[in-house]
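See below for the structure under consideration.
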Number of protein chains: 4
Amino acid sequence: MGMVGGGRGAFIGQVHRMAANLDGKIELVAGCFSSDPEKSKLSGEDFFIDPDRAYGSYQEMAEKEAAREDRVDFVSIVVQNFLHFDVAKCFIEAGFNVICDKPMTLTYEQATKLREIVNNSDQIFALTHNYTGYPMVKEAKQMVKNGDLGRILKIVAEYPQGYAVGDVEGDGQGKINNWRSDPAIAGISNCMGDIGTHAHNLIRYITGLEIEEICSDLTAFIPGRELDDDGNNLVRFEGGAKGIIHASQISNGDENALNIRVYGTKASLEWHQEDPNELIVKFANAPRKIYRRGNDYISEAASGHGFTRTPFAHPEGFIEAFANIYLAAAQAMADKIDGTPAPEGGYDFPGVDDGVAGLAFIKAAVESSASDQKWVKFPAV
Amino acid sequence: MGMVGGGRGAFIGQVHRMAANLDGKIELVAGCFSSDPEKSKLSGEDFFIDPDRAYGSYQEMAEKEAAREDRVDFVSIVVQNFLHFDVAKCFIEAGFNVICDKPMTLTYEQATKLREIVNNSDQIFALTHNYTGYPMVKEAKQMVKNGDLGRILKIVAEYPQGYAVGDVEGDGQGKINNWRSDPAIAGISNCMGDIGTHAHNLIRYITGLEIEEICSDLTAFIPGRELDDDGNNLVRFEGGAKGIIHASQISNGDENALNIRVYGTKASLEWHQEDPNELIVKFANAPRKIYRRGNDYISEAASGHGFTRTPFAHPEGFIEAFANIYLAAAQAMADKIDGTPAPEGGYDFPGVDDGVAGLAFIKAAVESSASDQKWVKFPAV
Amino acid sequence: MGMVGGGRGAFIGQVHRMAANLDGKIELVAGCFSSDPEKSKLSGEDFFIDPDRAYGSYQEMAEKEAAREDRVDFVSIVVQNFLHFDVAKCFIEAGFNVICDKPMTLTYEQATKLREIVNNSDQIFALTHNYTGYPMVKEAKQMVKNGDLGRILKIVAEYPQGYAVGDVEGDGQGKINNWRSDPAIAGISNCMGDIGTHAHNLIRYITGLEIEEICSDLTAFIPGRELDDDGNNLVRFEGGAKGIIHASQISNGDENALNIRVYGTKASLEWHQEDPNELIVKFANAPRKIYRRGNDYISEAASGHGFTRTPFAHPEGFIEAFANIYLAAAQAMADKIDGTPAPEGGYDFPGVDDGVAGLAFIKAAVESSASDQKWVKFPAV
Amino acid sequence: MGMVGGGRGAFIGQVHRMAANLDGKIELVAGCFSSDPEKSKLSGEDFFIDPDRAYGSYQEMAEKEAAREDRVDFVSIVVQNFLHFDVAKCFIEAGFNVICDKPMTLTYEQATKLREIVNNSDQIFALTHNYTGYPMVKEAKQMVKNGDLGRILKIVAEYPQGYAVGDVEGDGQGKINNWRSDPAIAGISNCMGDIGTHAHNLIRYITGLEIEEICSDLTAFIPGRELDDDGNNLVRFEGGAKGIIHASQISNGDENALNIRVYGTKASLEWHQEDPNELIVKFANAPRKIYRRGNDYISEAASGHGFTRTPFAHPEGFIEAFANIYLAAAQAMADKIDGTPAPEGGYDFPGVDDGVAGLAFIKAAVESSASDQKWVKFPAV
């Protein structure tokens, strides 16, 4: 495994490394950890990397790694949004599998272009929409697939956070990093791009439903910021289901309160990221059921493939879920090397289509928010 | 106390009677419990009413009670929506105080007219937006008033129920009573009128904020029904706060899951009707606090005036909250009789202005839902 | 209904009155509210009692009420523990039905004697072990009766409170009333008598199991107090089940956290008084089930007989549960008057046998705590 | 790092490996994974071990590793209880640091002997009482240390599980492994040794209090088993606090419901392993506070030293807590190599004293359970 970005002190890079380490099957051996070659070297030392493989630019890394016999099997891209496209394109074209942070690219147009590049290659491309790695999210998806919920009528997905609320009155010391509020680096949205896409992806993953129309009200509560730090969206899905997606960085005291409620004609389900080992299933005329990770009654989709590492009620969390994306992507890569065919139904990790859908969501929400028209058509995903 | 409506088997009439009974200060002594005089008599027997005071029509009741020296102090109106205006007008004009079920009238126009009638009278008029009777809702209101939350940025209020979901596929045996889905009886909305108004009222009660613009998407999921059984609304408040109000009768397995989250610059609060003895207060940089009813640290607003009847952790519920509306309205009536002036800040029960606001909400949501325009101005409240 | 004790400002008397009022079928018309005749009169005024029926002593009340044609149907006894026996005996022998607060008497010996008196009379005797009035406690009992739990192996019942903890360091201003810590008034135990008996009664009510042996460690943490304010008990039940009962008044920050867990070979159940509308049922190999009051799937035992007054998720609480004791006892009294035979399986309210069992528990716990011997035999119940 | 035990399919060995992998600083390079040399080799392949370092016996491993220049820094011992002493002694005496699974030894006598061996060596010895690795457990310990709770009055610690309940009626297919119910392998207790010791250790870790006397009632509910599968214990601590410790493997439907409540004169705290990211703090006269891992207000004790890897509300779980034991022990080893002195207050991982205390608990509980005497003195710890 190689890494682009994620040097000393970078939060998400460290998460990727822990996720990769967890199962003892992936080793970080190369990287370009900073655009400053000196810093890249120093970070390489922190991570026990051979100095020759701590590169000064991603282009150099792609070239030199491609030339090695013991080249890395894949590259993790954890740079800022505006670089995702170039770096991913570079490594895909150099013949490397890629695991890329989300949002996949800066723009919807880049996203569709990257999809073309990936689809025309033989490389594996995984996107770390990490919340889909939680076993009970997989259980929820399986229940929908089984028809346990009946026809889906309504979906509510939320991702409220409060960490930036201090900035609203100007005393929060810029908790939203400058780059996240800079359109040139982050793209046309901050909050919808950073966390709204997670809520949207969770809906797609669990239900398979695509949005048809959206009506958005995005707000920049933090004075002087160009990009949204809060957004409320009404959505209409293909086939007639309705829904709400809202996300916020100024919801005081909320932490990472991502949650989803899916209401069907037979049953509904509810999952909360802050209590991820449980899945609540509700019925009109029967006691509620609490499904708990690690039990024998949990489906293969959630318990198999190494996705569950500890028995029931030995809680698993964020890192384990993140590691499940790595695990599934690494399995796909290993199978490619071995010539093992993909399992029926495919591998269970988010990919380039999820990336396109995420950029479509960002584009549609921003357009709708600026529009006087009630409903904006969702771009093709 | 007299009652119009609420005969044998009527749920809400029975709730009003239990609420009135609880504190041993109000006695039901007269009523017109049904438009069928025979049924009214029989219901009167159930409730230990003197047969002479079990009337065959509300007009008869108003006339005869007005003529008695021991006339009732007030009349509770628990008939179907379309009759509220006529019955309330009749009793107000006959000189009786009135406690009326919500929504206050069939239309916004009736609501403003009833307001005029009430304001031009000397009578007390209370509206049973009963959820504001919960002590911890009162505590929440007090916190906002104290400025504990700072400036309010965002409000999310929900009222999902699932009891009518069976009707979506046609096997629910009409759980939404026919009258609730009949515009002539229920008005222009079912779900927004029945429960959406509760969520709206809760926002107004706690925060004092009025909606400026609304963007609604109402749905009739139950085939063959004219009126909504689900609705999602984006709202913008005076002063810049944003919000979401949604209510539903087809949210499978949800019961009476009314809840509200109010996010301010200093703190946020969260209250759930199904767990009404707790109020959650959240902060960006301090531990969450759980305020629990009946403790010494709870404000006079929530603990005084008889609003709290049992010590902490001896749970109080729906009936006690409902009784608090009766208690406060009865106090106002008693003070009027005694010539005691109203307390500074007034009495704590919903009144005719709340009724107008409720009909404004229904009108705006229905208009917005039918419109292609994104934002609909909220009617004057 | 008449009342002995419970004058102005007495908490439990007020609870009894609210419980009696709730359903509009019971009216307080007589009472001896204080041993001070003047105070009794004044309290009578508060409660709208005919001055002739606000008596100066309970003996006078028994005599005069017995002589009236419109004599009260029953008397509620809410005096201090040491008077229970005398007052109950007096009214039973005067031909009145009795509803009595717990613990039933001052001593185990009085309890067995009162049982004899009651059993030799035709009167109804109800004891307000009010927590058994909660519908979901009734549901739990029904599940055990149905065999849903299989054979019971273990039971844990707790009643931790913290309200007296301030007294431990001497700054709590005597939160445990003097009379509760005075053996002459309260009996041989404070904490076990006041709340330990509730935990014990809950076990008996739900499971029907009687304790065979007990091993207790009672403590008086509050300096200068003779009686326990905390107690931990190991228990062994007839038939081989084991268990733990603990109760405390110095468990800082706990409120009325009565709860019970019953573990059986097929399933286990868990109920918490502070969240009384839910019953948690757990299985070794299936999702947990959450039973919620007011749903159609709840048994007749919990939903019938008027025990459930509001639909699901309109929370019911302490007063409603208390009222269920009154409701069932009043039904028994009404049936006696009408000559209606008792229902198969009897009425569902605690009686004189529960009172004896409660005093047996107090006696055994206190004896065991003072003993070096590990196990103390439980007195006959 | 080397490992003894924990071959293919062994649960706890895999947990140790994940815990060691997580931070990317420890690499498994040698092991004796089975007493069967062939199986040891095969497991070595699974873990990418150099075949020369997959040993056939632990003695061989100790000898050969000791002779290597690149010898392992420490050895993790994850064999069955009865081997702990011999293996630990062997590696300590061969000059290796040791991380050992609990209970530390088969007997109390072995435990004190091992303590002597460790204390006379220069080696680091860590015991995986892993629940003390949870950050919010560390926060709890810090609060007690700060005096936030005042004087401690009462402690209740529970560890109910239900996984073996099926065996009670004989259809559970021996969920308790044979070795756990075999005294020769597991020692004198099954349930108290396996999980009771965790509850006991949690008390000691958080409060620093030692038990003075114990009164136990252990039970073997599973027919034909010699060793306990359930146990209830009353305990008295030095200094006057009282408490309850109970643990069970037949508590149907409970999973790993380890929890602790510590009641002090100023405040009390409550922590549940199944919801490990929260710590509940309760007060007599103030709102409850919910402390949540990863926030800025959390102490250095819980957030520093790498013990917290993800921001608030990105849940951490069992593996991360386990990894914290490895992290702290590895830091101690690194400091020893570097000659860095230990931090003031020492390192934060369980050690040989905790192991002795654990065996003392097992010994005392088993002795007490067999005794007619109420209180048994706790062995020296």
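The values are calculated or read from the model by the stated rules, or taken from the named source; none is laboratory data. Just so it is clear, the structure is predicted and the values come from calculations on it, not from any experiment. Neighbour counts are summed over all protein chains in view; Cβ atoms, including those assigned to glycine, are modelled from backbone coordinates with ideal geometry.
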Problem - Matching residues in segment C:138-165 - criterion: being in a helix (DSSP H, G or I) and not hydrophobic (A, V, I, L, M, F, W, C) - result: C:LYS138, C:GLU139, C:LYS141, C:GLN142, C:LYS145, C:ASN146
Practice task
Go through segment C:219-236 and count every residue that is under 21 Å from the mean Cα position of the chain (by Cα) and among the hydrophobic types (A, V, I, L, M, F, W, C).
Solution key: 2
Completion exercise
Expected single match for touching a residue at least 60 places away in the same chain (Cβ under 8 Å), under 23 Å from the mean Cα position of the chain (by Cα), crowded, with 24+ Cβ neighbours inside 10 Å and part of a loop (DSSP other than H, G, I, E, B) among A:ILE206, A:ILE250 is A:ILE250
Handout entry: Selection from segment C:311-327 of residues that are more than 7 Å from chain B (Cβ to nearest Cβ) and at pLDDT 95 or above
Key = C:ALA321, C:PHE322, C:ALA323, C:ASN324, C:ILE325, C:TYR326, C:LEU327
Exercise for the section: Answer yes or no: is there a residue in segment A:279-298 that is without any contact (Cβ under 8 Å) to a residue 60 or more places away in the chain and either of a type in the set (Ser, Thr, Tyr) or not assigned by TED's automatic domain parsing to the domain that holds A:ASP167 (or both). Expected result: yes
Practice task
State the number of residues belonging to segment B:325-345 that are under 26 Å from B:ARG71 (Cα atoms) and either among the aliphatic types (A, V, I, L, M) or not in a helix (DSSP H, G or I) (or both).
Solution key: 13
Problem - Extreme residue, nearest to A:ASP296 (Cα to Cα), among residues of segment C:270-290 that are of a type outside the set (Asp, Glu), more than 9 Å from chain D (Cβ to nearest Cβ) and under 27 Å from the mean Cα position of the chain (by Cα) - result: C:ILE290
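Condition check ((1) within 14 Å of another protein chain (Cβ to nearest Cβ); (2) under 20 Å from D:LYS102 (Cα atoms); (3) crowded, with 16+ Cβ neighbours inside 10 Å) across all residues:
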{"residue": "D:GLN14", "(1), (2), (3)": "yes, yes, yes"}
{"residue": "D:GLY24", "(1), (2), (3)": "yes, no, yes"}
{"residue": "D:LEU28", "(1), (2), (3)": "yes, no, yes"}
{"residue": "D:PHE47", "(1), (2), (3)": "yes, no, yes"}
{"residue": "D:ASP50", "(1), (2), (3)": "no, no, no"}
Exercise for the section: Considering every residue within segment B:169-179, establish whether at least one is among the charged types (D, E, K, R) and under 24 Å from B:LEU153 (Cα atoms). Expected result: no
Practice task
Taking A:GLY196 as meeting all but one of (1) assigned to a helix (DSSP H, G or I); (2) buried (at least 22 other Cβ atoms within 10 Å of the Cβ); (3) more than 15 Å from the chain's Cα centre (by Cα); (4) not assigned by TED's automatic domain parsing to the domain that holds A:PHE11, write down the number of the exception.
Solution key: (3)
Fill in the blank from the handout: Reported set for segment B:232-264 where residues are of a type in the set (Gly, Ala, Ser) and more than 25 Å from C:PRO315 (Cβ to Cβ) is B:GLY239, B:GLY240, B:ALA241, B:GLY243, B:GLY264
Problem - Conditions (1) within 14 Å of chain A (Cβ to nearest Cβ); (2) surrounded by 24 or more Cβ atoms within 10 Å (Cβ to Cβ); number of the one not met by B:ARG293 - result: (1)
Practice task
Kindly indicate whether any position in segment D:300-307 is under 20 Å from the mean Cα position of the chain (by Cα) and either surrounded by 22 or more Cβ atoms within 10 Å (Cβ to Cβ) or aromatic (Phe, Trp, Tyr) (or both).
Solution key: yes
Practice task
Just give me the residues in segment A:299-310 being assigned to a loop (DSSP other than H, G, I, E, B), at negative phi and more than 7 Å from chain D (Cβ to nearest Cβ), in sequence order.
Solution key: A:SER299, A:GLY304, A:PHE307, A:THR308
Problem - Lone unmet requirement of (1) surrounded by 24 or more Cβ atoms within 10 Å (Cβ to Cβ); (2) modelled with pLDDT under 95 for D:CYS32 - result: (2)
Problem - Where D:ALA370 falls short, out of the listed (1) more than 23 Å from the chain's Cα centre (by Cα); (2) within 19 Å of D:TYR205 (Cβ to Cβ) - result: (2)
Practice task
With the condition kept exactly as written, say whether any residue in segment A:134-154 is more than 14 Å from chain B (Cβ to nearest Cβ), surrounded by fewer than 22 Cβ atoms within 10 Å (Cβ to Cβ) and more than 20 Å from the chain's Cα centre (by Cα).
Solution key: yes
Exercise for the section: Could you please find all residues in segment D:327-352 being touching a helix residue (DSSP H, G or I) at 6+ places or on another chain (Cβ under 7 Å) and under 17 Å from A:ILE319 (Cα atoms)? Expected result: none
Exercise for the section: Tell me which residues, restricted to segment A:30-43, are more than 25 Å from A:PHE349 (Cβ to Cβ) and within 13 Å of chain D (Cβ to nearest Cβ). Expected result: A:SER43
Problem - Residue that is in a loop (DSSP other than H, G, I, E, B), acidic (Asp, Glu) and buried (at least 20 other Cβ atoms within 10 Å of the Cβ), where the choices are D:ASP348, D:ASP354 - result: D:ASP348
Problem - Filter pass, C:SER368 being within 14 Å of chain D (Cβ to nearest Cβ) and farther than 30 Å from A:LYS282 by Cβ - result: yes
Handout entry: Single condition D:GLY9 does not satisfy, out of (1) out of contact with any helix residue (DSSP H, G or I) (no Cβ under 7 Å at 6 or more places or on another chain); (2) at pLDDT 95 or above; (3) of a type in the set (Gly, Ala, Ser)
Key = (2)
Practice task
With respect to B:ASN81, determine if the residue is out of contact with any Phe, Trp or Tyr (no Cβ under 6 Å at 6 or more places or on another chain), polar (S, T, N, Q), outside the structural domain of B:ALA365 (by TED's automatic domain parsing) and closer than 18 Å to B:SER189 by Cβ.
Solution key: yes
Completion exercise
Log entry, pairs with first residue in segment A:254-267 being more than 7 Å from every other protein chain (Cβ to nearest Cβ), second being aromatic (Phe, Trp, Tyr), beta carbons closer than 6 Å, six or more apart or on different chains, reads A:LEU258/A:TYR159; A:ILE260/A:TRP271
Exercise for the section: Collect the residues in segment B:102-121 that are crowded, with 24+ Cβ neighbours inside 10 Å and either over 9 Å from B:LEU359 (Cα atoms) or hydrophobic (A, V, I, L, M, F, W, C) (or both), keeping them in residue-number order. Expected result: B:MET104, B:LEU106, B:ALA111, B:LEU114
Fill in the blank from the handout: For segment D:235-247, the count of residues that are out of contact with any Lys or Arg (no Cβ under 8 Å at 6 or more places or on another chain), at the interface with another protein chain (Cβ under 10 Å from one of its Cβ atoms) and not in a strand (DSSP E or B) equals 1
Exercise for the section: Please verify whether segment A:167-189 includes one or more residues that are in contact with a helix residue (DSSP H, G or I) (Cβ under 8 Å, 6 or more places away or on another chain), buried (at least 24 other Cβ atoms within 10 Å of the Cβ) and within 14 Å of chain B (Cβ to nearest Cβ). Expected result: no
Practice task
Within segment D:34-42, identify whether any single residue is out of contact with any Lys or Arg (no Cβ under 7 Å at 6 or more places or on another chain) and in contact (Cβ under 8 Å) with a residue 40 or more places away in the chain, and answer yes or no.
Solution key: no
